[in-house]
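First comes the structure, then the notes that go with it.
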Amino acid sequence: MASVDFINVRKSFGTHAVIKGVNVEITDGEFVILVGPSGCGKSTLLRMLAGLENISAGEIRIGDKIVNGLAPKERDIAMVFQNYALYPHMTVADNMAFSLKLKGANKTAIETLVKPAAEILGLSHLLERYPRQLSGGQRQRVAMGRAIVRNPQVFLFDEPLSNLDAKLRVAMRAEIKELHQRLNTTTVYVTHDQIEAMTMADKIVVMNDGRVEQIGSPLDLYDRPANLFVAGFIGSPAMNMIKGRLDAADPHRFITEGGTVLPVVAAVEAAQGRDLIYGLRPESMRLDGAGLPVKVGVVEPTGAETQMIAKLGGSDLVCVFHERVSVRPGEIVNVSINAQATHLFDAESGVRL
Amino acid sequence: MSTTSIMKRRSFAGLLQNNTALGVMFMLPAGVFLLCFLTYPLGLGVWLGFTDTRIGRDGVFIGLENYRLLFDDSVFWLSVFNTILYTSVASVLKFGLGLWLALILNEKLPLKSFFRAIVLLPWVVPTVLSALAFWWIFDSQFSILSWSLIQLGLIDQPINFLGDSNNARASVIAANVWRGIPFVAISLLAGLQTISPSLQEAASLDGATSWQRFRYVTLPMLTPIIAVVMTFSVLFTFTDFQLIYVLTKGGPVNATHLMATLSFQRGIPGGQLGEGAAIAVAMIPFLLASILFSFFGLQRRKWQQGGSE
C-alpha cells in the first residue's frame, strides 16, 4: 500500500495538450475516483499512473518513489480494464495466477493466493472455466481477482462497470466498495458516471478538459461545488441554473432575467451588480402551497420520488419531490425554495461566490 | 395450351416454395462449375494414371503398371525427396520470417501502411516475372549477388547458383521463400491485429517481459491463424511448378525436380501422359495428409468455444 502523488503532471500528443497540469494527492488506503465527461483526460491520467503512457512533464510518485521512468511491471500496481482484458486462452485460475507464474512462484504458493481470492469474489466453482464461458459480471470479478492476487500497492480501475447492465452495475458497485473496505488498498478509479463517483469514493477528483476542476469528498462536491462545471456535473437530475442579478436594495433577493424573485441567504458583497447564476438543486424545493408560482409541464413519477419539469419565466425548472404529488400539466403550483441549499456563481468566470 | 402453361407455372411456383428444391437450384451453378473444372480434370487425371496414354495415341487400361514403374524409378523418388525438402525448408523459413515481419509491422512505425503495401509486392508480381528476375540474380556470369560479393572481396569468382545441385536447391528455395513471405506475413499481421492491445497492457502490468508477452499471450492466441496460414502455405509450396520450371527446369541432373515439374516433363514434353498423370496422382496422398493434419490441428481449442453457461 502506498500514497500516490500527481505533481503538476502534463501530457500532450504532439502539439495537442491532453493533461494540462494536474495536482492530486492521494493518501494511503484512500479510494479516489477520477470523474469527468469523456475526453477530459481522466483515463489518460490513469494510464500514465500505470505506466502505459509517457509523462510529458511533471512527476508521479507512488509512495516515495518517482515512477516517471519506471516500466509498468516495476510499479507494483494492478489494473482492471474496461474490457476486462482477460487472457482468453487461459482458465480463470490461470488468469489469476499469471502474474505469480511470471514471478516464478511454485504451485502451492500460487494456490494459497488464488484460492482465497477466488473465495472472496465467489469464483471458486468457476476456476476451471475459460473467460468465454463466463457472464459479464463474472468476467469483471475475474479481472478483480487477477488484481487482488498480486497484492499490489495501488489498484487502478478504468471504467470497470461500463460494460455491465444497470442492475449488475449497482451490485458490482457495492462489491468493489466492500472489497476496498476489506483490503484497504489505495485505489484510483476512473468513471464518467457521477453516481458511481458519489456512491463509492472517499475523494472525488472532477476533471474537465485536462484540468482538475475540484477535489473533495462526495458530499463536499454536492454541497459546495467550486464552479458551474462541478455544479452541473455532480447531482442527478442536474442543478437548475438561472441567470439574473442581486436586488440592488436587498442582497437577500435574487432577481432573474424574467423578473422573478428568488431567496438568497447571505450574498457576498462582490456579487452585487454583477451577472450571476443562481444554482438550485431539484431536490431543494418543496411543494407546500407557499412560495414561487410555477406552471407544471411534465410530471414523471418513479415511485420513490416524483420529478416535475415546470416553467419558470421562459425556462425549465426541474424539481424532485420525495413524496408523491398529484399535479396536472398546465396547473399553476407554488414551490418553496430551501434558501440554505442554493448556490450563487459568477456568470462570467463560473466561480462560486 | 393455356391450361398446360398454367400447370407449368403452377408447378414452377410450387418448386419455388419448396426449400429443398430451391436450395438445389441455388447450388446448381456452383455445382456445375466444380464438376466441370475440378472433378472432371481430377477424375481424368486419375484415370489417365491407370492407362498407357501417350500424346496422340489413346491408351488402354494397364492397372497399376505406371505406379510399379515409378516405384522402381530413382528419378521419381529423387523428386519426392526434393519436394519434401523444398516444402519443409521453405515453409519453416516462410513461417519464421513471415511472423517476424508481421510482428514488426504490427508495431507503431512511421509510414506503416507504406511498408505494409511494399511487403505485398512479391506476391502481386506474376510468378513467372519474379522467377525471371531471380533467373538473372542467379545467373552464372551476370549475377548481381556474385558481383556484389566479388566487389566486397568476399569471393574470387562467381557462384554457380543453378549449376550445382545443392546451390540450385538453396536458390529455388530462396526464391520461393521470397515469394511466399507476403502471404504469411500479411495473414499473420491480420491475426495479430485481432489481439486486443489491452491484453498486452494487462500482461505488462502483470510483470511480463516482451518475450513473455509474445510467448504466453500473442503466440497462443495466434495459433489458430498460424494453422490455417501454414496449411495453405504448405499446399502452395508442395504443388509449386512455375518457379522451378523457369529457373532450373528441374536441373541440374534432376536435383531440383519436384513432383509437379517431373509430372509435367514426363507427361507433356515427354509425351507419356499416363506416367505423368500417375506422378501427379502420387502427390494426392501427401496433400491429403497435410490437410488432415491441419484439420485436426485446427479443431477449435477449448478456449475458443462459445460460452454455454
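Within the stretch A:145-171, the set of residues being over 27 Å from A:K73 (Cα atoms) and either in a strand (DSSP E or B) or not acidic (D, E) (or both) comprises A:L164, A:A166, A:K167, A:L168, A:R169, A:V170, A:A171. Taken over the stretch B:201-212, the criterion of being more than 7 Å from every other protein chain (Cβ to nearest Cβ) and at pLDDT below 90 is satisfied by B:T209, B:S210. If you check every pair at least six apart or on different chains, which have Cβ atoms under 6 Å apart with a residue in the stretch A:230-241 that is closer than 13 Å to A:Q214 by Cα first and a residue that is among the small types (G, A, S) second? Note: pairs meeting the criteria are A:A231/A:G279; A:G232/A:A238. The set of residues from the stretch B:1-60 being touching a helix residue (DSSP H, G or I) at 6+ places or on another chain (Cβ under 8 Å) and at pLDDT below 80 comprises B:L15, B:L16.
Screening the candidates B:L97, B:L69 for the property of being under 21 Å from B:V184 (Cα atoms) and touching a helix residue (DSSP H, G or I) at 6+ places or on another chain (Cβ under 8 Å) yields one hit, B:L97. Which of the following residues is under 26 Å from B:V125 (Cα atoms), part of a helix (DSSP H, G or I), out of contact with any Gly (no Cβ under 9 Å at 6 or more places or on another chain) and among the small types (G, A, S): B:G180, B:G191? Answer to the selection: B:G191.
The residues in the stretch B:127-162 that are modelled with pLDDT under 85 and outside any helix (DSSP H, G or I) can be counted, and the count is 15.
Counting only residues that are under 21 Å from A:Y222 (Cβ atoms) and surrounded by 15 or more Cβ atoms within 10 Å (Cβ to Cβ), the stretch A:309-335 holds 6 of them.
How many residues, within the stretch B:227-257, are in a helix (DSSP H, G or I) and surrounded by fewer than 20 Cβ atoms within 10 Å (Cβ to Cβ)?
So in the stretch B:227-257, the residues in a helix (DSSP H, G or I) come out as B:227-238, B:242-247.
Those left that are additionally surrounded by fewer than 20 Cβ atoms within 10 Å (Cβ to Cβ): B:227-228, B:231-232, B:235-236, B:242, B:245-246.
Residues that pass the stated criteria total 9.
Residue pairs whose Cβ atoms lie under 9 Å apart, separated by 6 or more positions or on different chains, with the first residue in the stretch B:52-63 and free of Cβ contacts under 8 Å to residues at least 24 places away in the same chain and the second of a type in the set (A, V, I, L, M, F, W, C) and in a loop (DSSP other than H, G, I, E, B), are B:F61/B:F50; B:G63/B:F50.
Per this entry, B:A208 is not counted among residues that are outside any loop (DSSP other than H, G, I, E, B) and either crowded, with 19+ Cβ neighbours inside 10 Å or without any contact (Cβ under 8 Å) to a residue 12 or more places away in the chain (or both).
The residue that is farthest from the other protein chains (Cβ to nearest Cβ), among those in the stretch A:71-109 that are surrounded by fewer than 20 Cβ atoms within 10 Å (Cβ to Cβ) and of a type in the set (V, I, T), is A:T108. Of all residues in the stretch A:30-54, exactly one satisfies the criterion of being modelled with pLDDT of 90 or more and over 17 Å from A:D158 (Cβ atoms), namely A:E30.
Given the condition touching a residue at least 24 places away in the same chain (Cβ under 8 Å), outside any loop (DSSP other than H, G, I, E, B), surrounded by 18 or more Cβ atoms within 10 Å (Cβ to Cβ) and on the phi < 0 side of the Ramachandran plot, answer yes or no: does some residue in the stretch A:263-270 qualify?
Keep residues of the stretch A:263-270 that are touching a residue at least 24 places away in the same chain (Cβ under 8 Å), which gives A:263-265, A:267-268, A:270.
Retained after the next criterion (residues that are outside any loop (DSSP other than H, G, I, E, B)): A:263, A:270.
Keeping just the survivors that are surrounded by 18 or more Cβ atoms within 10 Å (Cβ to Cβ) gives none.
No, the conditions are met nowhere in the stretch A:263-270.
Here B:R116 clears all of (1) within 27 Å of B:G251 (Cα to Cα); (2) surrounded by 15 or more Cβ atoms within 10 Å (Cβ to Cβ); (3) touching a helix residue (DSSP H, G or I) at 6+ places or on another chain (Cβ under 8 Å) except the condition numbered (1).
Exactly one condition in (1) buried (at least 17 other Cβ atoms within 10 Å of the Cβ); (2) more than 16 Å from the chain's Cα centre (by Cα); (3) at pLDDT 90 or above is not met by A:V206; state its number. Every listed condition holds for A:V206 apart from (2). For the stretch A:114-135, the criterion of being closer than 21 Å to A:N83 by Cβ, more than 13 Å from chain B (Cβ to nearest Cβ) and polar (S, T, N, Q) is satisfied by no residue at all.
Could you check the stretch A:16-68 and list, in sequence order, the residues that are within 14 Å of chain B (Cβ to nearest Cβ), at negative phi and surrounded by 15 or more Cβ atoms within 10 Å (Cβ to Cβ)?
Once the filter is applied, which keeps residues that are within 14 Å of chain B (Cβ to nearest Cβ), at negative phi and surrounded by 15 or more Cβ atoms within 10 Å (Cβ to Cβ), the stretch A:16-68 yields A:S43, A:T44, A:L46, A:R47, A:M48, A:L49, A:A50, A:L52, A:E53, A:I62, A:V67.
Against the conditions (1) away from chain A (no Cβ under 14 Å); (2) closer than 30 Å to A:Y84 by Cα, B:F241 satisfies every one except (2).
The values are calculated or read from the model by the stated rules, or taken from the named source; none is laboratory data. What you see is a predicted model, and the numbers here were worked out from it, not measured in a lab. Every residue, glycine as well, gets a Cβ built from its backbone with ideal geometry; the counts of neighbours run over all protein chains shown.
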